[in-house]
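Step one of this worksheet: look at the structure below.
The values are calculated or read from the model by the stated rules, or taken from the named source; none is laboratory data. Computed from a predicted model, the values in this text were never measured in an experiment. We place every Cβ from the backbone using ideal geometry, glycine too, and count neighbours over all the protein chains shown.
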Amino acid sequence: MKREEIISADREHIASTYARADVVLDHGEGATLYDKSGKAYIDCGTGIGVNCFGICDPVWKEAVTSQIDKIQHISNLYYSEPQARLASLLCEKTGAKRVFFANSGAEANECAIKTARKYSYDKYGEGRYEIITLKDSFHGRTMATITATGQDEFHKYFMPFLDGIKYADPNMLSIRRARTARTCAIMIEVIQGESGVNVLAEDFLKELDRYCKANDILLICDEVQCGNGRTGYLYAYEAFGMHPDIVTTAKALAGGLPLGACMMFDKCAGTLTPGDHGTTFGGNPVACAGAISIMSRIDRDMLLEIQGKGAYFMENIRRIKNVTSVSGMGLMIGIQTTKPVGKVVAACAEKGLIVLSAHTKVRLLPPFNIRKDEIDEALKILNEVISA
Ligand SMILES: *Cc1c(COP(=O)(O)O)cnc(C)c1O
């Protein structure tokens with residue numbers, strides 16, 4: 001299909017839920033994307049933090065295709081090696097005790113919400129079901145997870161929303177006010193991705209961790225975006241010495257295939273029992289094979305490399321004229337400029353650089369293996385666009 005045919009078929013037949021950029025991406029290699037006309041772009045979006053080892057990484061591709069050669073899907077009625085291996089790897093690396101595999105971030109969070117409520121039901125009986133989430137959070141697009149998302153713009157049209165979700169500001173005073181005898185869990189993103197790559201304050205995170213432990217409130221860290229090495233830590237909560245009871249992740253987990261995981265630590269590892277939860281596709285063996293390839297390569301050296309590249313990016317972005325602040329950790333970067341973010345994103349694409357937005361900020365989520373020369377080229381384009 002020609003570029004114009006693709007765009008008109010899309011506009012005619014696909015639900016218009018996305019304000020798409022005027023780019024038809026087609027293929028790529030490493031940190032380089034090509035559109036339908038062959039124009040190259042440096043990829044600092046990675047499909048919203050998904051293609052963490054770039055496009056068609058050869059090791060990942062081999063892992064995925066060799067699984068496809070064996071079997072493409074195994075129902076969760078049977079045991080399978082890719083799930084068993086991946087769950088073992090995740091537990092070994094994090095200290096989690098059990099993993100539930102889903103297909104997406106929202107589904108991983110659904111599992112977390114169900115697990116927290118059942119944990120509390122088993123222990124305290126009916127009625128202790130409230131979950132506190134934070135203002136400006138993002139937890140997904142299903143009914144439960146848009147309710148959990150602490151942004152008013154998501155709470156239109158689709159009412160009634162889920163009962164028992166409360167919102168707090170990211171400080172202990174507000175958390176204490178929102179908490180009642182019915183509170184069973186608190187769900188946070190250590191780094192709020194969608195609302196502008198906001199890193200929550202270390203003091204708050206440490207105190208919240210203690211508060212949850214002291215009151216037997218489950219702490220859920222939504223690491224869908226900031227997890228799997230993105231910040232230079234395997235999971236961002238590790239940077240703050242936290243001990244969550246449930247960690248959810250997705251995006252980069254399988255390097256470009258749909259996979260979510262809800263990791264359950266000591267307290268609630270035994271909570272879900274047969275019949276409590278399930279999925280047809282979750283933990284698909286091809287996705288798990290991709291994830292094993294990714295997760296086994298995110299080692300100490302890789303994390304240090306991500307920290308180094310992130311520091312280099314941020315240091316140079318701070319020098320750009322019209323940049324008012326830079327936030328983030330590792331290769332998860334938010335840039336506040338004096339310019340309208342939509343204009344910056346479009347102008348970067350025009351010059352061959354894919355970047356994302358997050359509220360009023362420009363957001364960078366480049367692949368972990370982006371090369372130095374590619375970073376310099378990305379910085380050059382950012383400088384041209386933002387300082388102009
Ligand atoms: C993207 C995201 C989600 C939703 O993930 P989907 O795979 O789109 O369902 C949930 N939480 C956070 C923090 C995210 O960034």
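Matching residues to (1) of a type in the set (Phe, Trp, Tyr); (2) surrounded by 10 or more Cβ atoms within 10 Å (Cβ to Cβ); (3) within 16 Å of the ligand (Cβ to nearest atom); (4) farther than 30 Å from Phe101 by Cα:
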| position | (1), (2), (3), (4) |
| --- | --- |
| Met1 | no, yes, no, yes |
| Ala15 | no, no, yes, no |
| Asp26 | no, yes, no, no |
| Gly30 | no, yes, no, no |
| Ala40 | no, yes, no, yes |
| Ile55 | no, yes, no, no |
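Go through the range 247-278 and count every residue that is of a type in the set (Ser, Thr, Tyr) and away from the ligand (no atom under 13 Å from the Cβ).
Counting residues in the range 247-278 that are of a type in the set (Ser, Thr, Tyr) and away from the ligand (no atom under 13 Å from the Cβ) gives 2.
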(message) Take Lys339 and tell me if it is assigned to a loop (DSSP other than H, G, I, E, B) and of a type in the set (Lys, Arg).
(response) yes
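Here's the yes/no breakdown for (1) within 18 Å of the chain's Cα centre (by Cα); (2) assigned to a loop (DSSP other than H, G, I, E, B); (3) modelled with pLDDT under 95:
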position: Tyr79; (1), (2), (3): no, yes, no
position: Ile132; (1), (2), (3): no, no, no
position: Ser137; (1), (2), (3): yes, yes, no
position: Glu153; (1), (2), (3): no, no, yes
position: Lys156; (1), (2), (3): no, yes, no
(message) So, Ser75, is that one away from the ligand (no atom under 16 Å from the Cβ), of a type outside the set (A, V, I, L, M), in a helix (DSSP H, G or I) and over 28 Å from Ala31 (Cβ atoms) or not?
(response) no
(request) Go through the range 345-376 residue by residue and tally those that are closer than 15 Å to Gly328 by Cβ, of a type in the set (Lys, Arg) and touching a helix residue (DSSP H, G or I) at 6+ places or on another chain (Cβ under 7 Å). (result) 1
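Condition test on Cys184, is it touching a helix residue (DSSP H, G or I) at 6+ places or on another chain (Cβ under 6 Å), over 14 Å from Gly241 (Cα atoms) and surrounded by 16 or more Cβ atoms within 10 Å (Cβ to Cβ)?
When the stated conditions are applied, Cys184 passes them.
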(message) For Lys2, only one of the following conditions fails: (1) of a type in the set (D, E, K, R); (2) out of contact with any Gly (no Cβ under 9 Å at 6 or more places or on another chain); (3) within 21 Å of Ile298 (Cα to Cα). What is its number?
(response) (3)
(request) Select from the range 102-124 the residues that are more than 12 Å from the ligand (Cβ to nearest atom), under 14 Å from Ile246 (Cβ atoms) and in contact with an Asp or Glu (Cβ under 9 Å, 6 or more places away or on another chain) and list them in ascending order. (result) Lys114, Thr115, Ala116, Lys118, Tyr119, Ser120
(request) Any chance you could count how many residues in the range 160-219 are more than 16 Å from the ligand (Cβ to nearest atom) and either free of Cβ contacts under 8 Å to residues at least 60 places away in the same chain or outside any strand (DSSP E or B) (or both)? (result) 36
